[in-house]
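Single-structure report; data block below.
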Amino acid sequence: MPVFYEARHAGEFILTEANGRRSRENLTIAENQEFQAGTILALIAVPDAVTASVSAVHGNTGDGALSLADPAVSAKAKNGDYRVVCIEAAAGGGKFKVEDPSGVGIGTATVGTAFNREVKFTIAAGSTDFVVGDAFTITVGVEAGDYQAVAYDPEGADGGEVAGAIAIYGAKTGAGETVKIAGLVRDCEVNGHILAWPEGITAEKKAAAIAALAEAGIIVR
């Protein structure tokens, strides 16, 4: 007797949502994606759509400048202020700690050398050397429409390894093609037993994804 397997239903994993449509966003699915309803998604910034500006913190001793690259951010960029603070002073140089909008360090920038992480820039020395504590602020503006969604990849390195949403519907896109679907991005509870997890995901990676979703307000039960 043949065995039939029922496909996943759109939204069957949803336990609770916020009033109205607060839990949902209309997500743009990036090219070359194919996944089913209930798939964990990562939200990738489109660098050319993101705004970025830089300002020197008032009171800096050094008069060198921080110049943003073009584009100024990578696909991992977060909305908010990045802090670039001098931690090591040197004649004609120095080193700066770079922190994301959450205050998490993402690397160390050396004067005269390009920094290429979530934000991209080069610090040039001026006529007066930097001192420890001198700082710059890079303000990054990433709006909902500046993201594209891809299937969460726990082994990724371009932002796809950070869980940030769940697909309510399945989707399929080809090369150079995008599509919009509804996804859960905040203020909701979902049944983790019927989510579409990546094949072979480890318990450690799954726990990290669940924690990342929780930070966005998506609670996996």
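The table for this structure:
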quantity	calculated
Too-long pairs where the Cα-Cα distance tops 27 Å, listed order kept, from Lys95/Lys206; Lys95/Lys205; Lys120/Lys206; Lys78/Lys206; Lys97/Lys180	Lys95/Lys206; Lys95/Lys205; Lys120/Lys206; Lys97/Lys180
DSSP-defined antiparallel bridges as percent of all bridges, the chain, nearest 5	90 percent
Helix-only CD estimate at 222 nm, as mean residue ellipticity for the chain, using -39500 (n - 2.57) per DSSP H run (n ≥ 4)	-2000 deg cm²/dmol
Neighbour net charge for Thr202 - beta-carbon separation under 15 angstrom, K R +1, D E -1	-3
Spread of Cα-to-Cα distances over 10 Å intervals beginning at zero, given as percent, for segment 87-221	9, 31, 26, 19, 12, 3, 0
Where labels lie 7 Å past Cα in the beta-carbon direction, separation of Glu155 and Arg221 in nm	3.4 nm
Long-range amide H partners of Ile106 with built H, under 5 Å	Val98, Glu99, Asp100
Convex hull per residue volume in Å³, alpha carbons only, for segment 1-143	166 Å³
Sulfur and carbon atoms: percent of accessible area, segment 92-208 [1.4 Å]	48 percent
Net lengthening on full extension, Thr51/Asn79 (0.36 nm per residue, minus Cα-Cα)	9.1 nm
Ellipsoid equivalent to segment 173-221 - semi-axes via the Cα gyration tensor, in Å	22, 16, 10
Gain in span if fully extended, Glu99 to Ile210, counting 0.36 nm per residue against the direct Cα distance	37.6 nm
Where segment 26-81 is the region considered: accessible area per residue in Å², 1.4 Å probe	49 Å²
Segment 134-221: relative contact order as a whole-number percent, Cα under 8 Å and 6+ apart	28 percent
Summed residue charge, Cβ within 14 Å of Pro154's Cβ, Lys/Arg positive, Asp/Glu negative	-4
Summed side-chain charge close to Ala90 - residues other than Ala90 whose Cβ falls under 13 Å, Lys, Arg +1, Asp, Glu -1	-2
Segments 17-25, 46-54 sorted - mean Cβ within 10 Å per residue, highest first	46-54, 17-25
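The values are calculated or read from the model by the stated rules, or taken from the named source; none is laboratory data. The structure presented is a predicted model; accordingly, all values stated were derived computationally and were not measured. Here Cβ is always computed from backbone atoms with ideal geometry, including for glycine, and neighbour counts include all displayed protein chains. When the accessible area is computed, the model is the full protein with side chains, heavy atoms only, and any ligands, DNA or RNA have been set aside. Shrake-Rupley method; radii C 1.70, N 1.55, O 1.52, S 1.80 Å.
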